[in-house]
Each structure stands twice: as structure tokens, then as C-alpha cells.
Amino acid sequence: MTGRTFRLRRLRTGNPAPSARGRGAQPKVVALGGGHGLSASLTSLRRITGDLTAVVTVADDGGSSGRLREELGVLPPGDLRKALAALCGDDEWGQTWSHVIQHRFESQGDLHDHAVGNLLIVALWEQLGDHVKALDLVGKLLGAHGRVLPMSAVPLELQALVRGHDATRPDDIETVRGQATVALTRGEVQSVHLVPADPPAVPEAVQAVMDADWVVLGPGSWFSSVIPHLLVPELLTALVETRARRVLSLNLAPQPGETEGFSPQRHLEVLARHAPKLALDVVLADRAAVPDSESLADAAKRFGAAVELAPVAARDSFAKHDPELLAAAYDRIFRMHGRIGPWR
């Protein structure tokens with residue numbers, strides 16, 4: 001038995017069955033992803049539970065995060081910052097700090113386009129020498145309604161096999177390196193992998209998944225924010241073995257470049273290729289984004305999942321989730337599928 005397998009079994013043994021939670025308890029929810037998709041999920045989930053943990057991808061190599069990563073050798077802080085901002089409350093304190101850490105400097109010098117939150121997070125990493133303690137301290141400062149954890153403690157490089165990345169050679173398959181490049185490719189992504197190929201998971205992230213009542217995966221950039229979590233061996237094992245129920249939240253529309261032309265069911269097919277042992281309980285999609293509900297239902301059955309269709313898009317922008325509508329959809333799913341008891 002490997003050391004990793006032993007640790008996961010020990011974690012699983014110590015995880016109480018969801019049905020053992022007392023009446024009136026809030027659900028323990030873990031949300032996985034990165035970027036704007038995870039932020040949308042967290043903004044909604046914090047409205048329905050106070051026991052919320054975000055597990056965030058750390059493969060970003062663009063913008064302020066990429067510059068800090070290259071110069072200092074640190075984890076890219078940008079998606080972690082966005083998750084913390086999404087967990088800020090709607091009161092004056094929460095909204096003030098949310099705007100402060102998202103603020104970007106504009107100058108003609110080296111500070112241009114750096115986000116305040118990125119600098120704060122990296123400064124605390126250097127001061128404390130501990131990724132988790134530093135993020136917990138930032139969350140305390142912000143009054144965040146939940147916890148933010150990196151999925152791995154080492155910076156990761158995302159690589160993809162892409163057909164037609166070079167428009168002059170549409171049939172060639174080549175390796176594309178870097179999350180920012182993968183996200184913008186005009187070719188057809190065949191698969192993605194991480195470098196290093198066997199990165200260690202943050203133990204607290206594994207523990208959170210094992211202890212959860214519900215795990216939420218997505219929405220977000222499919223190949224660069226959602227699937228990377230399934231490529232961290234310890235985290236994938238936890239997702240497979242956890243007694244939590246799992247909900248996959250689909251995107252409102254295909255992403256230009258990365259998932260151009262993808263149907264909702266194709267998103268599931270791609271997910272299955274990267275994590276064939278993963279089971280799901282619920283697939284959540286916006287009604288208006290599913291032209292063929294039967295095909296989606298068939299794809300979901302391969303994961304053992306039911307499909308829930310609900311209006312979750314913002315009324316003024318189909319490309320964005322409405323926080324209240326998405327919160328209502330999650331709340332209904334948590335209550336109806338494997339109900340533990342009243343959350344409030």
C-alpha cells in the first residue's frame with residue numbers, strides 16, 4: 001500500500017457519513033475550479049452555506065500571476081485572489097475589501113496591471129512560509145464567507161495536445177504549453193495534462209473533499225480550470241472515494257477557442273476521458289443552453305448522474321450566471337438529492 005493510499009483511507013475512515021449530520025446543520029460544500037467560473041459558483045454558494053471551501057487550480061501563467069510566478073517562483077495567486085473576492089460579503093466591509101484586492105495598478109512601470117490582492121497574498125507567503133496559513137489570514141482580513149485552498153503546493157504547467165493550433169496546418173496535432181495559451185487556442189483540444197505529471201495535492205484540500213457533504217465541480221474554462229483538478233492523483237482519488245455527493249455545473253455557452261462548438265454532452269464526454277472512474281450525482285445546466293436534453297441525459301447516465309435544468313443565466317447577459325438564480329438551483333439540488341436535513 002502506498003503512503004498516499006494509506007493517507008486517503010485514513011481520511012475516509014474519519015469522515016462521518018453525510019446522513020449523520022444533525023438537523024439544522026449547514027451542508028459542508030467544496031467547490032473546485034478557477035477563474036470567473038469558480039467565482040460565480042462561490043458567490044452563489046456562500047448565500048446558502050457557511051461551511052464552504054474553494055479548491056483552486058494553480059496552473060495560471062498569464063498576466064500579473066504569470067509575472068509573479070516567473071520572477072519569484074511562487075504559486076500563481078490570481079485565481080486564489082478571485083476566489084477570496086467572491087467569498088466577501090455583500091456588506092460595506094466585504095464589498096470594500098473585494099474591490100481593494102481586485103484593484104489593478106495602472107502605470108508606466110513594473111507595477112502596471114499587478115492586482116493588489118496578488119501582491120498581498122505573495123507577501124504573506126514569503127512572511128509565513130505557508131500557503132494555507134497565509135490564505136486563511138487573508139480570508140480573515142476580508143471577512144470571507146469560506147476558505148480558499150490551492151489544489152497543489154507547487155506551480156503547475158498545463159499542456160495540451162491540440163489539433164490545428166497552427167491554422168496553416170489544420171490536421172497536425174502538437175503540444176501547446178501554458179494555461180493562457182491553451183485557453184486561447186483556435187485549434188481543437190484533444191487532451192490536457194500537467195507538468196509535473198504527479199503533483200502533490202495540498203493535504204487540507206484532500207481532507208476537505210473527504211469531509212464534504214457536496215462537491216461542486218465547474219463551471220469554468222473546461223480544459224484549463226475544471227479538468228486540471230482531475231489530473232492531481234491524490235485529489236482525483238479523494239473525488240472518487242469521498243462519500244460526498246457530486247454536482248457538475250455546466251457552462252452557459254462554449255468558450256471561444258478552448259471549447260468552440262462543444263455541445264453540453266460533449267463537455268461530459270471530455271470529462272469522462274480524463275477521469276473515467278469519476279462518478280457524479282447531478283449535472284446542472286441552464287435550460288436555454290441545452291438544445292438536446294435527451295443526449296445530455298444519456299451522457300450524464302454514464303456518470304450515474306441525473307440532469308437538473310434550471311434558469312441560472314443573468315437576464316442581462318446570457319454569458320454570466322445570476323448569483324441568486326444559481327444559489328436557488330444549488331439549494332434545490334442539495335435539498336432534493338440525498339437530502340440530509342434542513343440547512344437553515
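Note the full-extension length gain between ARG186 and LEU72 as 0.36 nm times their separation in residues minus their Cα-Cα distance, in nm to one decimal. Let's see the in-between values first.
Details: separation 114, 0.36 × 114 = 41.04 nm, distance 3.09 nm.
Result: 37.9 nm gained on full extension.
For a quick check, take a GNM of the chain with Cα springs below 10 Å and name the residue from ALA314, ALA31, ALA289 with the largest mean-square fluctuation. Top of the fluctuation ranking is ALA314. Only beta bridges with both residues in the chain are counted; by DSSP, about 40 percent of them are antiparallel.
Comparing ASP91, ASP60, ASP281 in a Gaussian network model of the chain where C-alpha atoms under 10 Å apart are linked, the largest mean-square fluctuation is found at ASP91.
Kindly report the accessible area of segment 160-281 per residue (heavy atoms of protein chains, probe 1.4 Å, no ligands, DNA or RNA), in Å². Don't skip to the answer; put the middle values down first.
Details: 4520 Å² over 122 residues.
Computed with neighbouring chains in place, this is 37 Å² per residue.
The ellipsoid equivalent to the alpha-carbon distribution of the chain has semi-axes of 27, 26, 21 angstrom, derived from the gyration tensor eigenvalues as √(5λ) and listed largest first. Take the alpha carbon gyration tensor of segment 25-68, find the square roots of its eigenvalues, order them as a ≥ b ≥ c, and report rounded if a/c is under 1.5; if not, report prolate when a/b exceeds b/c, else oblate. Since a/c reaches 1.5 and a/b is larger than b/c, the shape of segment 25-68 is classed as prolate.
What pairs in LYS82/LYS133; LYS133/LYS277; LYS28/LYS133; LYS82/LYS277 have C-alpha atoms more than 28 Å from each other?
From LYS82/LYS133; LYS133/LYS277; LYS28/LYS133; LYS82/LYS277, over 28 Å: LYS133/LYS277; LYS82/LYS277.
Leaving ligands, DNA and RNA out of it, report the carbon-plus-sulfur percent of the accessible area of segment 225-327 at a 1.4 Å probe. Roughly 49 percent, rounded to a whole number. Largest mean-square fluctuation among LEU252, LEU141, LEU149, in a Gaussian network model of the chain whose springs join Cα atoms under 10 Å apart, belongs to LEU141. Mind running the shape call on segment 199-344? Use the C-alpha gyration tensor, a ≥ b ≥ c as the square roots of the eigenvalues: rounded below 1.5 for a/c, prolate if a/b tops b/c, oblate otherwise. Since a/c reaches 1.5 but b/c is at least a/b, the shape of segment 199-344 is classed as oblate. On the beta carbon distance between GLU294 and GLN95, with R0 = 41 Å, the FRET formula returns roughly 0.45. For ARG246, the residues whose modelled amide H falls within less than 5 Å of its own, excluding neighbours fewer than 5 places apart on the same chain, are VAL215, ASP281, VAL282.
Once the GluC sites (Glu not before Pro) in DSSP loops with at most 16 neighbouring Cβ atoms within 10 Å are cut out of the chain, the longest remaining piece is 107-259.
Rounded, prolate or oblate, given the Cα gyration tensor of segment 56-156, with a/c below 1.5 counting as rounded?
Numbers: a/c = 1.82, a/b = 1.17, b/c = 1.56.
It comes out oblate by the Cα gyration axes.
The values are calculated or read from the model by the stated rules, or taken from the named source; none is laboratory data. Being a predicted model, the structure only gives us computed values, none of them experimental. We place every Cβ from the backbone using ideal geometry, glycine too, and count neighbours over all the protein chains shown. We work out accessible area using only protein heavy atoms, side chains counted, and drop any ligands, DNA or RNA first. Shrake-Rupley method; radii C 1.70, N 1.55, O 1.52, S 1.80 Å.
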